[in-house]
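The values are calculated or read from the model by the stated rules, or taken from the named source; none is laboratory data. Note that the structure is a prediction, hence the values are computed from the model and not measured. Positions of Cβ are generated from backbone atoms using ideal geometry, with glycine treated the same way; all protein chains shown enter the neighbour counts.
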Amino acid sequence: MSLTFDQLIGRLHGQHSRRRIAVACPHDEHTLNVVRRSLNEGIADFALVTDKEHCREAEVLHGQHPQRVTLHIADDTVEAARQAVALVHRGEADVLMKGTLNTDVLLRAVLNKEQGLLPPGNVLSHVTVAQLPTYHKLLLFSDAAVVPRPRVSHFEAMLRYDLEVCHRLGIGEPRVALIHCTEKINGKFPHTLGYVILKERARKGAYGPVMIDGPMDAKTACDPHSAEVKGLESEVVGDADLLIFPNIESSNTFYKAISLFGQACMAGMLTGTTAPVVLPSRADSDDSKYYSLVLACTMAGG
């Protein structure tokens with residue numbers, strides 16, 4: 001049976017120790033709601049990094065949960081980002097979460113060569129997990145937030161990271177669809193040539209147990225009837241676990257479309273870092289931010 005977000009939450013309830021989340025600037029009601037919900041449901045503890053001007057709500061949460069919430073005061077948002085990243089870097093927190101600060105401020109701290117969270121040689125990427133009412137299992141895809149024009153090395157990195165997420169979700173042999181607007185390989189679209197390389201490496205066992213096919217469009221990847229009409233036969237078509245998109249425009253558009261028109265429940269996090277990083281969009285719902293934290297807690301640690 002395919003997992004749901006509720007089942008992931010149930011897994012966290014069953015853990016012996018809760019994950020600890022460092023939150024940079026928990027100043028907005030959406031982030032505070034996620035913290036409150038996580039505390040009430042018992043899935044995580046928190047280190048809230050704020051400044052004096054916005055510390056009142058954080059102080060209230062600390063007073064209500066003194067054993068589960070610590071309070072850290074910074075001079076400004078830049079220092080708050082540094083402190084939150086430092087907590088994760090030192091192993092005093094398992095997950096980093098963005099609150100009310102500009103993404104570039106937090107990323108500068110994450111990418112700091114001495115005290116950051118991205119090991120040398122790693123590629124910073126992003127994975128989304130979607131639960132759609134019209135699809136029979138969780139659907140993963142990359143990259144909707146970080147890599148604008150992936151080269152083969154980027155595709156390979158995001159594939160490795162995303163397969164690790166699949167495995168942690170219990171998908172032993174993930175079905176991966178390499179997305180394009182048609183099934184044809186064409187030099188006018190360099191990513192389709194990259195797909196050929198990925199498939200060849202997969203056949204040689206470079207990525208472990210996995211089924212990879214493409215190029216194909218997203219509908220063919222997830223709809224058996226479309227594949228049948230086109231006469232396509234593959235272990236992937238109509239049953240994909242993971243979609244690898246050719247660029248950030250197509251992946252981000254897919255993200256926004258299925259959340260708005262498809263009523264998808266969404267979770268997302270940065271990958272390639274030494275610990276999961278939850279980097280929600282301002283327009284994400286409270287549920288999406290909460291599920292992102294659930295995903296990050298699932299991926300954190302051993």
Determine if the stretch 56-71 includes at least one residue that is assigned by TED's automatic domain parsing to the domain that holds Ser281, in contact (Cβ under 8 Å) with a residue 60 or more places away in the chain and hydrophobic (A, V, I, L, M, F, W, C). no
Of the conditions (1) buried (at least 21 other Cβ atoms within 10 Å of the Cβ); (2) outside any helix (DSSP H, G or I), Gly121 satisfies every one except a single condition; which number is it? (1)
Would you confirm, using the coordinates I've provided, whether Leu270 is under 19 Å from Leu124 (Cβ atoms) and out of contact with any helix residue (DSSP H, G or I) (no Cβ under 6 Å at 6 or more places or on another chain)? yes
Test Gln15 against the criterion of being loosely packed, with under 15 Cβ neighbours inside 10 Å and either within 19 Å of the chain's Cα centre (by Cα) or over 19 Å from Pro280 (Cβ atoms) (or both), and give yes or no. yes
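Does Glu249 fit the bill of being acidic (Asp, Glu), modelled with pLDDT of 95 or more and not in a loop (DSSP other than H, G, I, E, B)? Before you say what the answer is, go through the steps one by one.
Values: acidic (Asp, Glu): yes; modelled with pLDDT of 95 or more: yes; not in a loop (DSSP other than H, G, I, E, B): yes.
In short, yes.
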Filter result (in contact with a strand residue (DSSP E or B) (Cβ under 9 Å, 6 or more places away or on another chain), in a helix (DSSP H, G or I) and not β-branched (Val, Ile, Thr)) within the stretch 269-302: Asp287, Ser288, Lys289, Tyr290, Tyr291, Ser292, Leu293, Leu295, Ala296, Cys297, Met299
